[in-house]
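The values are calculated or read from the model by the stated rules, or taken from the named source; none is laboratory data. If you're wondering where the values come from, they're calculated on a predicted model, not measured in any experiment. In this analysis, Cβ positions are derived from the backbone assuming ideal geometry, glycine residues included, and neighbour counts consider all displayed protein chains.
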Amino acid sequence: MSGLPETDVARVRRWCRARVPETVRDQVRVELDVAERHVTIVKCRPPWRPGVGTQWTRFPIARLRYTKSTELWSLYWRDRNLRFHEYDRVPATASVENLLVEVDRDPTSIFWDDSCRRRWSRRLLRRRPT
């Protein structure tokens, strides 16, 4: 059990599920790792070739850190060495949803690469009923 607000963790889980269309979840998923003071959003991919096992790879995208004394969430980005740094374009907030909006918006392309965004958008457009 973590010291995080359960309703906020549930909000982030729902956001993760909604991030990738169901039709491509056999190719990519966005999931959540929960720790005592933070949650980490991870992009998951299936084994890239036969014979490498059945484990999906898990790549950290963003971290949302909760400070219990202030009841505020802060957003962190991941560098190429898998270290997290505070994202200074949005202030700490009581609403975890504000941070999810920024991760989704990603104006600096620090969280999602453009190829993911384009691929998911194209698949959504192709599968919409006419």
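Structural remarks
- Residues of the range 51-69 include at least one that is modelled with pLDDT under 95, more than 21 Å from TRP15 (Cα to Cα), hydroxyl-bearing (Ser, Thr, Tyr) and surrounded by fewer than 17 Cβ atoms within 10 Å (Cβ to Cβ).
- The selection criterion, being modelled with pLDDT of 95 or more, surrounded by fewer than 17 Cβ atoms within 10 Å (Cβ to Cβ) and polar (S, T, N, Q), does not hold for THR40.
- Evaluation of TYR76 against (1) part of a loop (DSSP other than H, G, I, E, B); (2) surrounded by 11 or more Cβ atoms within 10 Å (Cβ to Cβ) (one fails), failing number: (1)
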